[in-house]
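Heads up, the thing below is written out as structure tokens.
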Amino acid sequence: MTTAPTRPAAAQGSVGTAHTRVEGRDKVTGAARYAAEIPFTGLAHGWLVLSTVARGRIRAVDADAALALPGVLAVLHHGNAPRLVTDYVGMLGVPDPTAAVFQHDRVPHAGWPVALVVAETPEQAREAADTLAVRYDEEPHDIAFSAARPDAYPVDGYTPAVTEKGDVEAGLAASAVVVDEEYTTPEEHHSAMEPHAATARWDGGRLEVVDSNQGSTWVQSELAAMFALDPSAVRVVSEHVGGGFGSKGVRAQQVAAAMAASVLGRPVRVVLTRRQVFSLTGYRSPTAQRIRLGADAGGRLRVLEHRSWNQTSTVYEFVESSAGPARVLYDAEAHRTSQEVVRLDVPSPTWMRAPGEAPGSFALESAFDELAEKCGIDPIELRLRNEPETGPVSGLPFAGRNLAACFREGARRFGWAERDPRPGVRRDGRWLLGTGTAAASFPVGAGASTAALTAEADGTFTVRIAAADIGTGARTALTLVAADALGTAPERVRVRVGDSAFGSAWIAGGSMGTRSWSWAVTEAARELRERLALSGEIPPEGITVRSDTTEAIGALARKERHSFGAQFAEVAVDVATGEVRVRRMLGIFAAGRIVNPLTARSQLIGGMTWGISMALHEEAVRDRVTGAHYGADLAGYHVATHADVPRIEADWVDDTDPDDPVGIKGIGEVGIVGAAAAIANAVWHATGVRHRALPIRPDRVLTGGTAGV
Amino acid sequence: MGPAPAPTHSAITLQVNGEKYTLSVDHRTTLLDALRERLDLTGTKKGCDQGQCGACTVLLDGRRAVSCLQLAVAAEGREITTIEGLADGERLHPVQQAFLDLDGYQCGYCTPGQICSAVAVIEEHAAGWPSAATDDVRPEAGVPELTAEEIRERMSGNLCRCGAYVSIVQAVARAAGAEEAAV
Ligand code: FES
Ligand code: FES
């Protein structure tokens with residue numbers, strides 16, 4: 001006879017249990033409204049006009065013909081637009097002046113915003129934008145990126161430009177095995193499915209913006225600084241966001257809409273076209289990387305040198321921190337990394353999913369595969385032999401480093417033990433088959449956040465936090481975290497996000513969102529439970545407490561905090577057509593405590609899908625003559641679609657951050673890291689030819705052919 | 001006196017999700033913009049406005065179409081079904097339910113288009129239409145098995161930048177009752 005266990009009064013253990021998205025029903029029925037879909041009375045529509053030259057000055061904007069068209073209300077440009085403040089330091093540093101539209105006559109790149117046409121309807125605005133006559137004094141432009149440029153210079157970004165210990169040249173001379181290769185990655189675009197959109201309305205001296213962004217506090221504070229307002233006079237609401245990946249911060253559309261709304265005294269919406277998204281919202285810079293590895297015959301590293309170059313615009317200095325993985329994954333007596341930029345007449349690059357780590361891991365983890373080949377050692381064994389005790393550059397202890405466990409579990413599930421290391425020996429009809437692996441790492445961090453938590457009179461709870469759910473499942477994750485912290489069931493918790501009025505919070509970025517917000521929610525819940533224990537009845541307005549994690553996060557001990565992972569891929573290569581097909585992928589991650597296995601798996605697989613896209617498809621190409629993109633659209637810029645993506649499995653090993661109240665690390669970006677390298681290594685295993693330039697296009701496969709097959 | 005300017009607007013009647021809407025539209029208005037901007041049916045999404053992403057997919061007389069490449073004036077007389085018209089009251093369409101249960105989405109922006117496409121894919125397949133992934137396209141070969149490869153091929157007009165393809169394929173298979181074939 002069995003007795004049913006006594007259920008606790010409140011459900012526990014929501015964290016770690018699969019939960020469908022709390023807003024899922026709204027998303028599958030079309031009820032969820034995104035930024036351009038909130039109705040406004042008296043709405044006017046703005047259409048941006050972008051420069052057709054890559055460098056020069058605007059000589060004249062002749063708006064007469066456009067203004068004479070039916071429905072046209074205004075044309076804003078540098079000659080008549082309100083002035084903005086641009087010399088401030090924002091939440092994430094000095095702003096990229098690209099968003100500060102219409103402040104001067106300089107054109108620093110093709111696709112620079114030069115005017116906004118506002119009309120009663122989108123059709124009228126678009127027609128008028130097409131007819132607007134903008135004349136330029138054109139100047140010669142330079143968009144030729146390469147590592148060999150003499151004007152490249154090192155830049156300290158979020159990480160130092162150069163780290164250095166030991167003697168690289170002496171180490172190489174003394175090494176039994178040396179790898180010295182260059183790798184390149186192209187310009188890549190976020191391409192979130194929802195184009196950027198904002199609607200602005202002024203009410204007295206207050207600005208309200210309905211937006212699509214990765215942080216309403218962030219956008220609120222930037223707009224307040226630009227328009228010289230107290231932050232409390234700006235409210236930014238961003239409830240549902242159709243993807244971001246680093247591109248959805250302050251951009252031309254919010255600023256142009258706010259300007260036009262102030263000039264016209266009515267709400268104005270500005271939605272970017274897909275083509276404009278390619279010019280105005282940032283991108284991942286192309287990179288050139290040179291890696292030199294020196295090892296003893298047993299594969300133990302004596303030298304690791306990773307140098308990286310990227311391009312940036314003439315108006316903003318952005319560093320793609322591609323040396324990041326080398327500073328975390330492997331140690332060597334001589335260890336040197338550097339990150340340099342080249343300023344060109346191009347738009348400003350920005351963070352794009354796993355900035356630095358995505359391109360950096362392609363180079364480093366390809367080079368490691370080359371070292372394994374040269375040493376005649378299994379690529380996993382090579383990595384295990386080079387596991388560092390402490391941070392290779394910092395010397396700090398790791399807050400959990402379960403990379404080896406990821407490789408062991410991954411190897412078991414992928415069937416790695418049966419792998420014949422020789423390249424080019426497996427065939428399936430016209431296909432050559434190969435498998436590859438690579439390591440992944442991505443930094444873990446937390447940003448100070450506040451949360452408000454209310455115990456409602458009806459026994460439910462409401463969380464208010466200016467978090468952003470850009471598809472990460474943050475709303476659902478915070479529901480589970482709050483439920484556990486309160487000792488209640490998730491059904492009794494309501495989480496509201498995406499409103500700067502909820503108080504300051506960190507962004508959905510740097511894989512830091514869920515960790516940062518969960519921290520604030522957990523602190524608020526602790527305080528609320530204390531308050532509830534003391535008070536009797538809950539008044540009709542409920543009991544609300546507020547948390548602020550600034551101090552707690554500031555007191556965090558300095559450690560090497562990272563998520564890790566092991567990527568595995570199997571590819572089939574048709575050497576007659578040059579086509580590469582990924583047949584299966586497996587990723588095993590050590591990424592802290594997993595809050596919601598259902599959505600976490602989706603996010604990790606999403607990152608790995610980006611890896612396929614990066615390895616094989618994505619490449620934005622600029623025309624040297626015009627300085628502008630060829631085919632800046634979703635036909636010209638191919639992102640992986642259904643037919644490109646096989647069955648992908650993502651799973652994790654037990655892991656935690658001992659210093660995080662929930663044990664969370666972060667999963668938003670680690671899924672793409674190493675994925676392209678695993679695929680490139682599999683292409684080598686299939687064909688015997690190394691592909692060091694992404695994407696591995698059919699023409700490159702055809703030109704490369706096969707070796708030793 | 002020259003000829004009178006050609007009219008730029010027309011009054012049309014659109015039949016959407018079983019309801020009739022009469023409105024005057026600019027001739028340049030796409031069906032997508034008419035749905036979103038005029039009828040407040042914002043479930044249909046605009047990802048590219050040029051026929052490249054599938055976010056705006058609706059059913060026109062039961063067959064899928066990208067509504068950004070349709071002029072509203074040309075959609076008169078067609079029976080238009082959008083994402084808002086799929087559920088039966090509170091009861092979700094099986095494709096919607098499968099997307100919800102299997103997490104066939106992340107940001108949700110491509111989702112209405114994916115779901116509308118999937119509804120049509122399941123019908124196209126059941127009607128015996130072959131795809132580029134079909135091995136035997138002779139009519140006597142009958143309805144091909146709805147494998148994962150078939151689903152991927154047929155769904156490839158719908159981009160998902162979040163990379164939810166793996167679970168979308170599972171959701172389509174489940175809704176079609178083809179989960180075993182689609183592993
Ligand atoms: S919006 Fe119609 S296909 Fe992209
Ligand atoms: S769910 Fe975000 S684009 Fe598909």
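The values are calculated or read from the model by the stated rules, or taken from the named source; none is laboratory data. None of these values were measured; they are calculated from a predicted model. Heads up, the Cβs are rebuilt from the backbone with ideal geometry, glycines too, and the neighbour counts pull from every protein chain shown. Please note that ligands, DNA and RNA were not included when accessible areas were found on the heavy atoms of the full protein model with its side chains. Shrake-Rupley method; radii C 1.70, N 1.55, O 1.52, S 1.80 Å.
Numbers for the structure displayed
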| read-out | value |
| --- | --- |
| Which numbered condition A:Gly487 fails, given (1) over 27 Å from A:Ala557 (Cα atoms); (2) within 14 Å of another protein chain (Cβ to nearest Cβ) | (2) |
| So A:Ser516, is it in contact with a Pro (Cβ under 8 Å, 6 or more places away or on another chain), within 23 Å of B:Gln106 (Cα to Cα) and more than 14 Å from chain B (Cβ to nearest Cβ) | no |
| Residue identified as open to solvent by less than 40 Å² (accessible area, probe 1.4 Å) and free of Cβ contacts under 8 Å to residues at least 12 places away in the same chain among B:Ser156, B:Ser131 | B:Ser156 |
| Filter result for A:Ala174 (at positive phi, among the aliphatic types (A, V, I, L, M) and open to solvent by 10 Å² or more (accessible area, probe 1.4 Å)) | no |
| Within segment B:42-60, considering residues that are β-branched (Val, Ile, Thr) and within 12 Å of the chain's Cα centre (by Cα), the one farthest from ligand 2 (Cβ to nearest atom) | B:Val58 |
| Whichever residue in segment B:21-41 is in a helix (DSSP H, G or I) and of a type in the set (D, E, K, R) and, among such residues, is nearest to ligand 2 (Cβ to nearest atom) | B:Arg36 |
| Count of residues meeting criterion [away from ligand 2 (no atom under 16 Å from the Cβ) and either out of contact with any helix residue (DSSP H, G or I) (no Cβ under 7 Å at 6 or more places or on another chain) or at the interface with chain A (Cβ under 7 Å from one of its Cβ atoms) (or both)] in segment B:156-180 | 3 |
| Candidate set from segment A:243-275 (those that are open to solvent by less than 20 Å² (accessible area, probe 1.4 Å) and within 11 Å of chain B (Cβ to nearest Cβ)); member that is farthest from ligand 2 (Cβ to nearest atom) | A:Arg269 |
| Selected residue (only one of A:Pro140, A:Pro108, A:Pro113 is over 20 Å from A:Val271 (Cα atoms), open to solvent by less than 30 Å² (accessible area, probe 1.4 Å) and either away from every other protein chain (no Cβ under 14 Å) or at pLDDT 95 or above (or both)) | A:Pro108 |
| Residue within segment A:450-457 that is away from ligand 2 (no atom under 16 Å from the Cβ), free of Cβ contacts under 8 Å to residues at least 40 places away in the same chain, open to solvent by less than 40 Å² (accessible area, probe 1.4 Å) and not aromatic (Phe, Trp, Tyr) present | no |
| Residue within segment A:213-223 that is within 14 Å of chain B (Cβ to nearest Cβ) and within 17 Å of the chain's Cα centre (by Cα) present | yes |
| Among the candidates B:Asp33, B:Asp135, B:Asp61, B:Asp103, residue that is within 23 Å of B:Ser156 (Cα to Cα), at the interface with chain A (Cβ under 8 Å from one of its Cβ atoms) and of a type in the set (Asp, Glu) | B:Asp103 |
| Residue count for segment A:18-50, restricted to those that are closer than 30 Å to A:Val118 by Cβ and open to solvent by less than 10 Å² (accessible area, probe 1.4 Å) | 8 |
| Which listed residue, of A:Ser547, A:Ser563, A:Ser535, is crowded, with 22+ Cβ neighbours inside 10 Å and either under 30 Å from A:Ala640 (Cα atoms) or at pLDDT below 95 (or both) | A:Ser563 |
| Scope segment B:159-176; condition part of a loop (DSSP other than H, G, I, E, B) and more than 16 Å from ligand 1 (Cβ to nearest atom); matching residues | B:Gly163, B:Ala164, B:Ala176 |
| Every residue from segment B:94-123 that is away from ligand 1 (no atom under 16 Å from the Cβ) and touching a residue at least 60 places away in the same chain (Cβ under 8 Å) | B:Pro94, B:Val95, B:Gln97, B:Ala98, B:Phe99, B:Asp101, B:Leu102, B:Asp103, B:Gly104, B:Tyr105, B:Val119, B:Glu123 |
| Selection count where residues are away from ligand 2 (no atom under 16 Å from the Cβ), within 23 Å of B:Gly163 (Cα to Cα) and assigned to a strand (DSSP E or B), scope segment A:613-649 | 3 |
